[in-house]
1. Whether any residue in region 125-137 is surrounded by 11 or more Cβ atoms within 10 Å (Cβ to Cβ) and small (Gly, Ala, Ser) is what I want to check.
2. Please work out which one of (1) touching a residue at least 40 places away in the same chain (Cβ under 8 Å); (2) farther than 30 Å from Arg338 by Cα is the condition Ile218 fails and give its number.
3. Please work out which one of (1) open to solvent by less than 80 Å² (accessible area, probe 1.4 Å); (2) under 28 Å from Glu454 (Cα atoms) is the condition Lys517 fails and give its number.
4. Which residues, counting only those in region 386-441, are touching a residue at least 24 places away in the same chain (Cβ under 8 Å), within 30 Å of Ser668 (Cβ to Cβ) and of a type outside the set (D, E, K, R)?
5. Give just the number: which of (1) within 17 Å of Tyr561 (Cα to Cα); (2) among the charged types (D, E, K, R); (3) in contact with a helix residue (DSSP H, G or I) (Cβ under 8 Å, 6 or more places away or on another chain) does Glu491 not satisfy?
6. Is it true that Asp474 is among the charged types (D, E, K, R), surrounded by fewer than 17 Cβ atoms within 10 Å (Cβ to Cβ) and within 20 Å of Lys623 (Cα to Cα)?
7. Please verify whether Thr186 is in a helix (DSSP H, G or I), under 30 Å from Glu433 (Cβ atoms) and among the β-branched types (Val, Ile, Thr), treating the condition exactly as stated.
8. Considering each of Val388, Val434 in turn, give the residue that is among the aliphatic types (A, V, I, L, M), more than 36 Å from the chain's Cα centre (by Cα) and assigned to a helix (DSSP H, G or I).
Amino acid sequence: MLRSEKMENIIFNGTKTRKPANLAEVSLTFVNDKGILPVEFTTVCVTRRLYRSGDSEYLLNGVTCRLKDITDLFLNTGIGSDTYSIIELKMVDDIINDRHNTIKMLLEEASGISKYKIRKKQTLQKLEETDADLNRVNDLLFEIEKSLKQLEYQAKKTEKYYRLKEEYKVVSTALAWFLMREFTSTIKELTEKEQKQSEEKNNLGQQLENLEQQLSEIKIVSEERQQALGDVQKLLNEKLFLINKYENEHKGRIEKLNYLNEKKLQLEKQGSSEQTQALEIEKQIAQAENEKISEEAKTKELENEIQSLKSELESSRKNYDQSVDELRQLNLHILQVRQSVNDHETFIAVRQTRINSLNDQMKRLGEQIDKDRISLQNLEGELSMLAVKKDQAEKESHDKKQSTLQLDSEITQHENAVKELREKLADERRNYEVKNNEYQLTRNLAEKMEGFPESIKFLKKNSDSFKDIPLLSDIINCDEQFKVAIENYLEPFLSHFIVQSNEQAWNGLNKLSSEGKGRAHFFILDSFTNYHQASTHQIDGCIAASSVIENDGRYHSLMNYLLANVYIAQNSDVATQANQNEIEGKIILSPDGKFYRQRYSISGGSVGSYDGKRTGRLKHLEKLSAEIQQHQQQTEVFKIELQQTEELLSAGKTQAAENRKIISLTDSELSKAVLNINTLLSKKISLLLIVRVMKRISRNCKKNSS
């Protein structure tokens, strides 16, 4: 045995000549001849490997397994670190002092309860993990529902978009039709305006010709006037030149006269010496004054001429301005007429181009009408085909939905059946486990002969002649309600051997005395051959104890002897209130086994939990074995039925899933077909409207062109 603080210390660390090992391994081998361990092998080897990394590996007969598999294997076998089969030194002290409820744990292990507690703990742990997983699934579902709401909102927006798009197509087509109708009305108005303006054009053309003739005449008159005006202007210029010339000379003479006056003044200042010069100058001044007078006369004449010429010039200027204004008005009128003529010519050209474009458009409209008629025919054919496909898809979808509903009902039936079968199977397995545990416990008690003296155990185990000889406790078998009462009454005789002859009894006694193994008691069947039970009379509220015992015929006399004058009360009140004279020489047992009453004595006390378990063990084992086989057969039947039902359920689910896929595909094809039909109908309506509008436009264009 190795003791260490750490598990890693038990791994071989090596020597000078050997390398250190990477693991340590220990194996524990069990001989499973009696089948205590629930496996098919007669030898079970449990192995544990410990690596330096701290990891452990568990093997069962050389096959890798989990630690849980090994603990489950040894459950309810009494083998374990804290079980009653292997008791350490410190466990004795724990059991005596009952530390940590050790006695309770050992009793639970011995009775097979600890296995169910461990399974309950594991199941609760799994349930907690499942609850955590379910909470996580709920969180995921919540997140998915949030995203689904957003996706549903987007899907609704998309559906609304497509619906509005289709409505927009229809409305735009109707709007185009109304616009085309307005265009036709405007074309009519424009044609009428065109006719009116053509008439106005003709009138304006005639007026333009008249105005052009008047303009030519006015041009001739204006040219003559311009020529006369040029002559007058020439004369005026000559006169103005002369006037300027005379004015300049007059200015020069005035300046000269001023100069002479100044000089005269200067000369007068000079004195007498210059008088002579003054006389000459006076003469010159006189001459100059004469010349001045003559020049002034000429100037007056010239001024008169200038005045006359100015008056003539002003009159000619007025005439010229009038003629220029008239000429401007005529030019403006001519420009207006030319502008209106140009406008009419451009309007006529535009109308002509519109007429040409309308003619081209009429040709295109005719071609488009033909194409639209062909497309209408194609659309009608496609609509008929799509309608047929739609009917077929609706029929298939309806059939598949009906079959799916039927399959769903069958699936629910199969699921209910599976659930019932699983519950039945679980109940049957629980019953099997209960019966098997009871069988194992009873067989273990029977093999170990718990509660029997050492002498009985010695004869049963060491004497071949006594192995098959039954004890009284083995042959007693009765209903459960009477077993405790019978067992408590016959308790002193339960460990008696039942032998056939005196010789067998003497052999057993001699063997016990020679080996010093105590005492034993024997019932000799040959001694009961001449035994006759005395007649019994019935006690009110009681039944004879010998009548409730089930045994073979060879033990009948023995049972009558042991249970002579023994009665079982139907309830405790009958046993307590019975008259002493009635029970003289008789024994009355209480039904619960707490006491039995004789005439002069009462015996009894508490009933232990082990009471009623010591009698009829062999019969009980046979009965339990039969019940276990019955439970196994019923379990196999339930397994087969469950497997068949699960196969039907899986087949139904797969068929339902395939049907749902087909239904979804059919529904999608149906929705596509309906969408195509709606689009084709809208196209058909729009094409019909367009064809009608085009026909009206072509008619109006023909009228306008004519």
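1. Taking every residue of region 125-137 in turn, none turns out to be surrounded by 11 or more Cβ atoms within 10 Å (Cβ to Cβ) and small (Gly, Ala, Ser).
2. (2)
3. The failed condition is (1).
4. Within region 386-441, Leu386, Ala387, Ala393, Ser397, Ser403, Thr404, Leu407, Ile411, His414 qualify.
5. (3)
6. Here the answer is no, as Asp474 does not meet what is asked.
7. Considered against the rule, which asks whether it is in a helix (DSSP H, G or I), under 30 Å from Glu433 (Cβ atoms) and among the β-branched types (Val, Ile, Thr), Thr186 comes out as no.
8. Val434
The values are calculated or read from the model by the stated rules, or taken from the named source; none is laboratory data. Note that the coordinates shown come from a computational prediction; the quantities given were computed from them, not determined experimentally. Counting neighbours? That spans all protein chains shown, and the Cβs are built from the backbone with ideal geometry, glycine included. All accessible areas refer to the heavy atoms of the entire protein, side chains included, with ligands and DNA or RNA removed. Shrake-Rupley method; radii C 1.70, N 1.55, O 1.52, S 1.80 Å.
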